[in-house]
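So the structure is just underneath, and the comments pick up after that.
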Amino acid sequence: MKTKIYIIITFLLLSISVSAQIDRTKMPESGPAPKINLGTPKKFKLKNGLQVLVVENNKLPRVSVTLNIDNAPMAHGTKSGVEGFVAGMLGTGSTTMSKEAFDKEVDYLGANISFGSESAFASSLSRYFPRVLELMADAAFNPVFDQNEFDKQMKQTLDAIKSNEKSVAAIARQVDRALTYGKNHPYGEMTTEKTVKNITLEDVKNLYNKTYKPNNAYLVVIGDINFKDVKKQVKKLFSKWEKGNLIPQKLPVVKNPNTTEINFINMSNAVQSEIAIVNTVNLKMSDKDYYAVLLANQILGGGGTGRLYKNLREDKGYTYGAYSGIGASRYVSRFRAGASVRNIVTDSAIVETMKEINKVRYQKVTQRELDIAKAKYLGNFVKAVERPSTIASYALNILIYNLPENYYENYLSNFNAVTIDDVQDAAIKYFKADKARIIITGKGIDVLKNLEKTDYIIKYFDKEGNPTKKPKMTLPIPEGVTAASVIDSYFNAIGGADKISAIKTLAMTYNATIQGTPIVLTTKVAAPNKTTNTISVMGQTMQKQAFNGENGYNEMRGQKKEFDEKEINKSKSNTAPFSDMAYKNGLLDRIEPVDGKNAYVIKSGTTEIYYDVASGLKLQSVEVVKAPDGNEMKVPTIFSDYKKVSGILFAHKRDQVTPQFTLNFVLQDVKINEGVEDKDFE
């Protein structure tokens, strides 16, 4: 924990003999695929169609049960999100037991019971399992769809949507699926505030009644149980579950673009770009080239040994990780390569990713790469078959995907049979670099200029995947407005020039948390340019930065480093107690939209400061700093929740944002013209 805190604090204050005997250069020669003896679950089927798989394993006194209803994907259109209400309301008691009684008994038994829109899960000690299975069945088949619980779920859902409105990663995940599959496809439709508000309690009941049927359902029981006892109990609890008509689904046809294009989603608060290169595929587990394409993907982007990771992270330093993946499905799936990259290298990251995709398509991989990829799957498979749950999941796959009975017995030999040529053929077939969508969610003003230099057509979409126009990059600055006049407006907005000029010192204390650990930032400033920032964790000073008007230093973990000439000159140019006074000498560069507000942007050194055109208040500052790896990065500080203290407005929320984390500082205490002494800056 302390190491992680040290790393975070470093980011914050930027803005403020056996082995010698082995020749490890040679890859060990691969042997034949090991012979794997997979166990076989015991099975039975109820008259209503429910298929039951039981895996007995007495090593630990625990049992788990999973109910999976294998319906075809279903779109919900203007009521997208209704399936989440079904999942959320199941398990909130039953017609025979109140929610409070249900939760109390589950807790008393030390059990876990949860539900999806078309699934259920329970686990417990084996001695309590009969009762736990009974509770799960009761909640699943006798649900209470109560209006009060529905209203609670509605509020939680809308709150979750609201909280993700400014999350670049969350928006990127939703929109790239919408653009890949189409918004009318079950895999691509988007749940929004509008669709959720269309949902009624009756819609939830109707969906449950349509989909919760045993005809194509599977119950998997694993653990310390006796097959005969389980069969008897399952028949008792599940035989009355009435079968129904399965709902046929005609899925929309999903197509890739005729030629590769960029789909751009503008988010003005993005500190990095979320990029994804995507094309749909028709890949099934039973396909002959299934094994070859998995190996091709492993070589391209399957982890730290993948080419994407080595290129974009280790070689170029564009990102903390770059990966690719491909899925198999009875319906439709996709190939996706992606990464989160710094704004300034968005176009370069696209070029390098496309280069790696095309390289694996048009140049044969090496035998060493193929052997490493095979070893990865061999190791994972061997470890997996040691788990009882694997026996059940493999047997379930055989049933659901209509695979040969010996599918997993031949799994490793099928991987071992893949050749270099097979890998290339599969990559050409499934990695459609010439007919892909390059989906970028990022800050247009930072990245579009360079993206427009590429050969790709750029299409623009909003946060709900709807076509839109190119975002406005800047607005014209009105005649007569200068950096000085913007700062004057700011001072007027927070209290007036007279009150500001009367302030000679400020002492401010901010609180934040890192993974539950309290962190305190204490800032003291005194005219004309004295500053000190102290960071404490759990009462212990972790880092201090101080400048006394002539000299300064950084101190961390007891190690003090004096300011160099550049740092001294920068500190001398600052103004206290309000640094904004120095920005009067900056460059008023542009007007830029920020979260729906137009903001004047002043450039001062390596920092850009944003002031709301309408209110005059400071919205954020963005400083270009060097990260520990030597690369430049932008570190925004967002100011909000302005409240008066002694007649002066202070931002009581100060969010420090980096690509990896956000520190949410809350102002706890402000002292004006008191609490500051000269020794604070020594």
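More than 17 Å from A328 (Cβ to Cβ) and assigned to a loop (DSSP other than H, G, I, E, B): does that describe E405? Yes; evaluated as a whole, the condition is true for this residue.
Scanning segment 555-570 for residues that are surrounded by fewer than 17 Cβ atoms within 10 Å (Cβ to Cβ), within 39 Å of the chain's Cα centre (by Cα) and over 13 Å from N529 (Cα atoms) yields E555, R557, G558, Q559, K560, K561, K566.
Number of residues in segment 651-673 that are at pLDDT 95 or above and part of a loop (DSSP other than H, G, I, E, B) equals 1. Can you name the residue in segment 282-293 that is touching a strand residue (DSSP E or B) at 6+ places or on another chain (Cβ under 9 Å) and crowded, with 21+ Cβ neighbours inside 10 Å and is also farthest from A328 (Cα to Cα) among such residues? Among those residues, the one meeting the criterion is V293. In contact with a Gly (Cβ under 7 Å, 6 or more places away or on another chain) and polar (S, T, N, Q), is that true of N664? In short, no.
On the given criteria, is P471 under 27 Å from the mean Cα position of the chain (by Cα), modelled with pLDDT of 95 or more and not assigned by TED's automatic domain parsing to the domain that holds A270? Taking the combined requirement at face value, the residue does not satisfy it.
Selection within segment 95-142: residues that are buried (at least 21 other Cβ atoms within 10 Å of the Cβ) and assigned to a strand (DSSP E or B). The member of this set that is farthest from the chain's Cα centre (by Cα) is S124.
Would you check if there is a residue in segment 618-637 being over 28 Å from the mean Cα position of the chain (by Cα) and closer than 18 Å to A493 by Cβ?
Step one: of segment 618-637, the residues over 28 Å from the mean Cα position of the chain (by Cα) are 618.
Going one step further and asking which of them are closer than 18 Å to A493 by Cβ, we end up with 618.
Scanning segment 618-637 turns up at least one residue that is over 28 Å from the mean Cα position of the chain (by Cα) and closer than 18 Å to A493 by Cβ.
In a helix (DSSP H, G or I) and within 24 Å of T637 (Cβ to Cβ) - does that describe any residue in segment 513-522? Checking segment 513-522: not a single residue is in a helix (DSSP H, G or I) and within 24 Å of T637 (Cβ to Cβ). Of the numbered criteria (1) out of contact with any helix residue (DSSP H, G or I) (no Cβ under 7 Å at 6 or more places or on another chain); (2) over 30 Å from V106 (Cβ atoms), the one T200 fails is (2).
Restricting attention to segment 571-604, which residues are among the β-branched types (V, I, T) and more than 35 Å from the chain's Cα centre (by Cα)? Within segment 571-604, T575 is the sole residue that qualifies. Residues in segment 535-593 that are closer than 27 Å to Q620 by Cα, in a strand (DSSP E or B) and out of contact with any strand residue (DSSP E or B) (no Cβ under 7 Å at 6 or more places or on another chain): P593 only. Would you check which residues across segment 155-167 are surrounded by fewer than 19 Cβ atoms within 10 Å (Cβ to Cβ) and not basic (K, R) and list them? Correct list: Q156, L158, D159, A160, I161, S163, N164, E165, S167. With respect to the conditions (1) in a loop (DSSP other than H, G, I, E, B); (2) within 21 Å of A172 (Cβ to Cβ); (3) among the charged types (D, E, K, R), R313 falls short on a single one, namely (1).
State yes or no: is V351 over 23 Å from the mean Cα position of the chain (by Cα) and under 15 Å from I438 (Cβ atoms)? Answer is yes for this residue.
Are any of the residues in segment 497-504 closer than 30 Å to R177 by Cβ, modelled with pLDDT under 95 and touching a helix residue (DSSP H, G or I) at 6+ places or on another chain (Cβ under 9 Å)? Can you show your working first?
Filtering segment 497-504 down to residues closer than 30 Å to R177 by Cβ leaves none.
No, segment 497-504 contains no residue that is closer than 30 Å to R177 by Cβ, modelled with pLDDT under 95 and touching a helix residue (DSSP H, G or I) at 6+ places or on another chain (Cβ under 9 Å).
Here A599 passes the criteria (1) surrounded by fewer than 20 Cβ atoms within 10 Å (Cβ to Cβ); (2) of a type in the set (G, A, S); (3) more than 21 Å from L521 (Cα to Cα) except the one numbered (1). Every listed requirement among (1) exposed (fewer than 15 other Cβ atoms within 10 Å of the Cβ); (2) over 22 Å from M285 (Cα atoms); (3) aliphatic (A, V, I, L, M) is met by A417 save one, (2). Going by the conditions given, is A426 in contact with a strand residue (DSSP E or B) (Cβ under 6 Å, 6 or more places away or on another chain), hydrophobic (A, V, I, L, M, F, W, C) and crowded, with 16+ Cβ neighbours inside 10 Å? The answer is no for A426.
The values are calculated or read from the model by the stated rules, or taken from the named source; none is laboratory data. Bear in mind the structure is a predicted one, so any value in this text is a computation, not a measurement. Heads up, the Cβs are rebuilt from the backbone with ideal geometry, glycines too, and the neighbour counts pull from every protein chain shown.
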